[in-house]
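Questions regarding the structure given below will be posed in turn.
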Amino acid sequence: MKDKILEKIKQLPPLPESAIQIESIYQDPDSSFNDMVKVLEKDPLLTADILKAANSPLYGFSREINSVARAVSLFGMGAIRGFALASIVKNSFSLNLSPYGISNDQFAALSKMQHALMSNMCMKKHRALLDVLSPAAFLVEIGKVLIAQTIIDLGKEAEFKAAIASGDIEATEIEFCTVDTAEVSATIFDHWRFDSNLVDTIKSCTNPAGASEENRLACQILQIVRTAVPVAGAITPESIEAAKALVTEYAIDEALFDEAIATVMA
């Protein structure tokens, strides 16, 4: 099964030119705020997606963000890179998450909620982590798309869905496919030659101890976020309790987590 997923990854089309330009600007130490804004504003659909995402009440801003420049100034280049790449990458896939028992709208809501919780955790104290965590939080679940496609191709949708309903999702993915979502997502972005810190953060978010020291805190936060916001996209008392256990284990500021949860649930 893993070979079938790897084959699907190899067959993915190259990223659009807009994504390549965004990554080029982001990686160039001599690039500026205005360089990023100019590239984004060339694509009206991408601009609309970014502004729609940035204006979500999940982020707690009281005033409308009506320009890409304003969005970049509020969130930073790294975070807006995440908004942009999420829009571009998700438009590169045909979505059918039925093996997971969720709709496309639920999947979109899951990514938005995870990203918003991460942003609210990091904006005040760990802002530098947004460079890697913004795209990671938006895109970490994309591997589910290829896992779902493979399960459907093999006619195992009913078995997979039943196994998920009665057990752990990652364990079920490994049982059926020998890989989990995080590994598939990381392999996709490695295939597309995204920067190694993003790939490492996504790959290691289920086991932060295995991440490089540079990326360990980002992996811990991403694991907390994915625990707090499970696949159905609904934060529950149980998911908060499980996430808080990780907050304690990793010595993350509990007040920061509580405030972030309160903001996205308001």
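Could you check the simple spin-label distance between Asp190 and Glu214, using points 7 Å along Cα→Cβ, in nm with one decimal?
1.7 nm
Largest first and in whole Å, what are the equivalent-ellipsoid semi-axes of the chain based on the Cα gyration tensor, each being the root of 5 times an eigenvalue? Mind showing how you got there, number by number?
Values: eigenvalues 150, 103, 60 Å².
Semi-axis lengths for the chain are 27, 23, 17 Å.
Still on this structure, please answer the following. Would you mind calculating the relative contact order of the chain from Cα pairs under 8 angstrom and at least 6 residues apart, reporting the percent as a whole number?
Numbers: 331 pairs, mean separation 55.6, N = 266.
With pairs under 8 Å counted, the relative contact order is 21 percent.
Heads up, I need the accessible area for Glu64: 1.4 angstrom probe, whole protein in place, Å², nearest 10.
Near enough 140 Å² of accessible area.
Also, quick follow-up: Averaging over all projection directions, find the projected area of the Cα convex hull of region 108-266 and quote it in nm² with one decimal place.
Taking a quarter of the hull surface, the average projection is 9.2 nm².
Based on alpha-carbon positions alone, could you give the equivalent ellipsoid semi-axes of region 48-188 from the gyration tensor, as √(5λ), descending, whole Å?
31, 15, 13
Could I have the simple spin-label model distance between Gln106 and Ser62, label points 7 Å from Cα toward Cβ, reported in nm to one decimal?
About 3.7 nm separates the two model spin labels.
While we're looking at this one, here's another question. In region 88-207, carbon and sulfur make up what percent of the accessible area (probe 1.4 Å)?
On the way: 2190 of 4600 Å².
Ligands and nucleic acids excluded, carbon and sulfur give 48 percent.
Relative contact order (percent) for region 133-266, with alpha-carbon contacts under 8 angstrom and 6 or more residues of separation?
Answer for region 133-266 is 18 percent.
If you bin every alpha carbon distance in region 171-226 into 10 Å steps from zero, what whole percent lands in each bin?
Calculated over all Cα pairs of region 171-226, the distribution is 28, 50, 22, 0 percent.
Specify the inter-centroid distance of region 13-84 and region 158-222, based on alpha-carbon positions, in whole Å.
So the two Cα centres are separated by 26 Å.
Let me ask another. Identify all lysines with a Cα-Cα distance to Lys144 below 22 Å; exclude those on the same chain that are fewer than 8 residues away in sequence.
Candidates past the 8-residue exclusion: Lys2, Lys4, Lys8, Lys10, Lys90, Lys112, Lys156, Lys161, Lys203.
How high is the FRET efficiency from Ile9 to Asn91, r the C-beta distance, R0 22 Å, rounded to 0.05? Display every interim value, and only then the final one.
Working: r = 17 Å, r/R0 = 0.78.
Given R0 = 22 Å and the Cβ-Cβ separation, E is 0.80.
Work out how much length Lys125 to Glu241 would gain on full extension: take 0.36 nm times their residue separation and subtract the Cα-Cα distance, in nm to one decimal. Don't jump to the answer; show the numbers that get you there.
Details: separation 116, 0.36 × 116 = 41.76 nm, distance 2.21 nm.
Between Lys125 and Glu241, full extension yields 39.5 nm more.
Here's a follow-up. Order these peptides, 255-264, 77-86, 13-22, by their mean beta-carbon neighbour count within 10 angstrom, highest first.
77-86, 255-264, 13-22
At 25 °C and 0.890 mPa s, what whole-number value in µm²/s does Stokes-Einstein give for the translational diffusion of region 128-195, with Rh from the Kirkwood sum over Cα pairs?
190 µm²/s
Another question, if that's okay. Using the reciprocal of the averaged 1/r over all distinct C-alpha pairs, how large is the Kirkwood radius of region 1-126 in Å?
By the Kirkwood definition, the hydrodynamic radius is 16.1 Å.
Nearest 0.05, what FRET efficiency do Ser166 and Thr248 give at R0 = 22 Å with Cβ-Cβ as r?
That pair, Ser166 with Thr248, gives E of 0.20.
For the ranges 157-165, 48-56, 183-191, 129-137, what's the packing order if you count other beta-carbon atoms within 10 Å of each residue, average per peptide, and put the highest first?
129-137, 183-191, 48-56, 157-165
Where nothing but the Cβ of Lys and Arg (+1) and of Asp and Glu (-1) is charged, how large is the charge dipole of the chain around its Cα centre, in debye to the nearest 20?
560 debye
The values are calculated or read from the model by the stated rules, or taken from the named source; none is laboratory data. Bear in mind that the values here come from a model prediction, so they are computed numbers and not experimental data. For neighbour counting, all protein chains shown are included, and Cβ atoms are generated from backbone atoms with ideal geometry for every residue, glycine included. These accessible areas exclude ligands, DNA and RNA; they are computed on the full protein's heavy atoms, side chains included. Shrake-Rupley method; radii C 1.70, N 1.55, O 1.52, S 1.80 Å.
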